[in-house]
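Bear in mind these aren't lab numbers, they're just calculated from the coordinates by the rules spelled out. Note that this is a predicted model, so its numbers are computed, not measured. No Cβ is skipped: glycine too gets one built from the backbone with ideal geometry, and neighbour counts run over all protein chains shown.
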Amino acid sequence: MQVVKPDLDSLLAAIVESSDDAIISKDLDGVITSWNRGAEGIFGYTAEEAIGQPIAIIAAPERGDEMPHILERVRRGERVDHYETVRKAKDGRRLNISLTVSPIRDSAGRIVGASKIARDITEKKMAEEVMGKQADRLVRANADLQQFAYITSHDLQEPLRTISACTEMFLSKSGEKLDSDERQLLGYVSEAAHRLSTMIGDLLTYARALDEDLLFAPVNIGEVVEWALNNLHLSIQSSDALISYDPRSLPTVLGGKVALVQLFQNLVSNALKYRSADRPVVQIAATRRETDWLFSVKDNGIGIAPAYQKRIFNLFQRLHASHEYPGTGIGLALCQRIVRVHGGDIWVESAEGAGATFFFNLPAGEGM
Ligand code: ADP
């Protein structure tokens, strides 16, 4: 078989022709001298229509003084790189373009024209605009939610405080005149008011979970775990827990640092709270999957029967009375909210009496 090698000129011509970018050349008077298929696709003029015309046919009038300025720089031998601007297509549509312009020299090194590569970034610009608007909407929606939570919690706490104060006053003034059943009933009222007040506070915490970092940034999970464990060092010490993780295996993800600390803190603190008679052993790990990171927090505690494994993520759902294990049932609901806002999900695998492993996934950012 004979292999025919194309010469360099025709190879270059073929590359220029097959490019999706517009590759155009013009002389120093701004007259178009070549126009590839990419330019036809982007600007709508055929090569026959464009060659010999002034480059100004694709100028957007509102950017009128730009082209002479660019040409002036080329005459001085300068190059213009990835300059984002607006051009006009044959049908009048405005196009967002990223432009690279370089001088063309003849064999004697004299500048005789300019080559220009233009990439249509209209869709990218639109996507950026949509993202920007969505971020604005998110910030506004969150501000509304916070305000709602703040006002309701403030307004609900007021009458509750009155109930608590009046019950206590009544008990101290007239407690002696009451029999033990009546005193017990009033005790229930006071306990319920106290509990309701804690729950309202928890609702506020839930609504404000992402206050501090609604706009995400790269977050190192190794640091997040360290921070969470620092916050828990007293309970880790007092329970003599063994907590293990390999900081090098923990990735950087796009997220909110404060919220992610809260997530790990809640999971580890539950692992200590719902411990068995054995010394608590908690393992934190992360595995890279195709498009996300799978995290796990595994303990050797009392475990959770399968029937309850979904329910525990709901707000105020708990499996134990508060005298047995203190709490209001907000921890895992908060974890679920944080994970979901980050684009992941959370679940548990466990059997009663056999420890529990909480899993959650977070999207893996590009290059992270
Ligand atoms: P709280 O601890 O205040 O009850 P959570 O939302 O953190 O609230 O947990 C909900 C319920 O899930 C707990 O009441 C407990 O029954 C169960 N649970 C959570 N974590 C664990 C765990 N690591 N091991 C066993 N049970 C757990």
Taking the chain as a Gaussian network, Cα atoms linked when under 10 Å apart, which of Glu129, Glu226, Glu62 shows the biggest mean-square fluctuation?
Glu62
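Return the loop-located GluC sites (Glu not before Pro) in region 319-368 (DSSP other than H, G, I, E, B) with at most 11 other Cβ atoms within 10 Å of their own Cβ; answer none if there are none.
Values: sites: Glu324, Glu349, Glu352, Glu366; in loops: Glu324, Glu352, Glu366.
Within region 319-368, the qualifying GluC sites (Glu not before Pro) (loop, at most 11 other Cβ atoms within 10 Å) are Glu324, Glu366.
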When you take every Cα atom in the chain, what is the radius of gyration, and what is Dmax, the widest Cα pair distance, in Å?
33.3, 114
Mind listing which trypsin sites (Lys or Arg not before Pro) in region 28-108 are in a DSSP loop and have 13 or fewer other Cβ atoms within 10 Å?
Arg76, Arg79, Arg93
Asn36's amide H: which non-local residues (gap 5+, or another chain) put their own amide H closer than 5 Å, with H modeled 1.01 Å from N in plane and none for Pro or chain starts?
Ile23
Rounded to the nearest whole number, the per residue volume of the convex hull around the C-alpha atoms of region 124-168 in Å³ is 34 Å³
Mind checking which aspartates and glutamates have their Cα closer than 14 Å to the Cα of Lys257? Skip sequence neighbours fewer than 8 apart in that chain.
Asp211, Glu212, Asp213, Glu223, Glu226
Checking the a/c ratio against 1.5 first, then a/b against b/c, what shape does the Cα gyration tensor give for region 1-118?
oblate
Extension gain (nm, one decimal) between Ala217 and Ser296, 0.36 nm per residue minus Cα-Cα:
26.2 nm
